[in-house]
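> Got a structure for you, questions after.
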Amino acid sequence: MAKSDSGGTEPASIHASAVLVGARAILIRGAAGSGKSRLALALIEAAETGLLRFARLVADDRTHVQAVHGRLLARPAEALAGLIEVRGLGVRRLPFEPLAVVGLMVDLGAGDSERLPQSSTASLAGVAVPRLAVAPGFDPLPIVLATLTTVAAEGSQEAGMTCM
């Protein structure tokens, strides 16, 4: 990514979905068919049922990311803004956020996931962001919800992200 005049990099389009959960977005990456849209919709439904305080779609399938002043920003591809693919129903329209700061990256179908993963980060556009690797075949919603709502054991004050 090239530097821009705004103190950040030029936006790049990546194959990912993003959901604003509280004050920070979750960037959901994975191969085609790995469940990015399904997890995005599940997080939005978790907010509707009270499991999360707030969740709203930022982008589905194509997300523009950009580093600005040390933060990773996510926004929808213009042609796809407010659209999400619901398996079995097709493309649907939802309310969406036009811009959000990424607080957590979730990698679906990650080969480097562990049963008891340690804290890790990933760098995207030169910005380090907490990363959660979800093994192939695992339902990501419970682990993402646990990351958002719990604190690590052993007195550590790390939470997956500070969005709640």
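> Examine region 54-65 for a residue that is basic (K, R) and out of contact with any Leu (no Cβ under 8 Å at 6 or more places or on another chain), and state whether such a residue exists.
Keep residues of region 54-65 that are basic (K, R), which gives 56, 62.
Pick out the ones that are also out of contact with any Leu (no Cβ under 8 Å at 6 or more places or on another chain) and you get none.
No: region 54-65 contains no residue that is basic (K, R) and out of contact with any Leu (no Cβ under 8 Å at 6 or more places or on another chain).
> Among the residues of region 85-98 satisfying the criterion of being buried (at least 16 other Cβ atoms within 10 Å of the Cβ) and free of Cβ contacts under 8 Å to residues at least 60 places away in the same chain, which is farthest from S37 (Cα to Cα)? Step through it out loud before you land on a result.
Step one: filter region 85-98 for residues buried (at least 16 other Cβ atoms within 10 Å of the Cβ), giving 85, 96-97.
Next, from what is left, pick out any that are free of Cβ contacts under 8 Å to residues at least 60 places away in the same chain: 85, 96.
Numbers: E85: 6, F96: 14 Å.
The residue in question is F96.
> Quick one: in region 25-58, which of the residues that are of a type in the set (G, A, S) and in a strand (DSSP E or B) is farthest from A122 (Cα to Cα)?
From region 25-58, those of a type in the set (G, A, S) are 25, 30-35, 37, 40, 42, 46-47, 50, 55; that's our starting set.
The next check asks that each one be in a strand (DSSP E or B); those that pass are 25, 55.
Working: A25: 15, A55: 23 Å.
Checking each candidate, the answer is A55.
> Six or more apart or on different chains, Cβ under 6 Å: which pairs go from a residue in region 43-65 that's within 18 Å of T150 (Cβ to Cβ) to one that's aromatic (F, W, Y) and surrounded by fewer than 19 Cβ atoms within 10 Å (Cβ to Cβ)? Could you list them?
Every condition considered, the pairs that remain are A47/F54.
> Return the residue satisfying two criteria in turn: it lies in region 51-88 and is in contact with a helix residue (DSSP H, G or I) (Cβ under 9 Å, 6 or more places away or on another chain) and among the acidic types (D, E), and of such residues it is modelled with the highest pLDDT.
Looking at the filtered set, the residue picked out is D60.
The values are calculated or read from the model by the stated rules, or taken from the named source; none is laboratory data. Quick caveat, the model's predicted, so the values are computed rather than measured. Methodologically, a virtual Cβ is constructed for each residue, glycine included, from the backbone with ideal geometry; neighbour enumeration extends over all protein chains shown.
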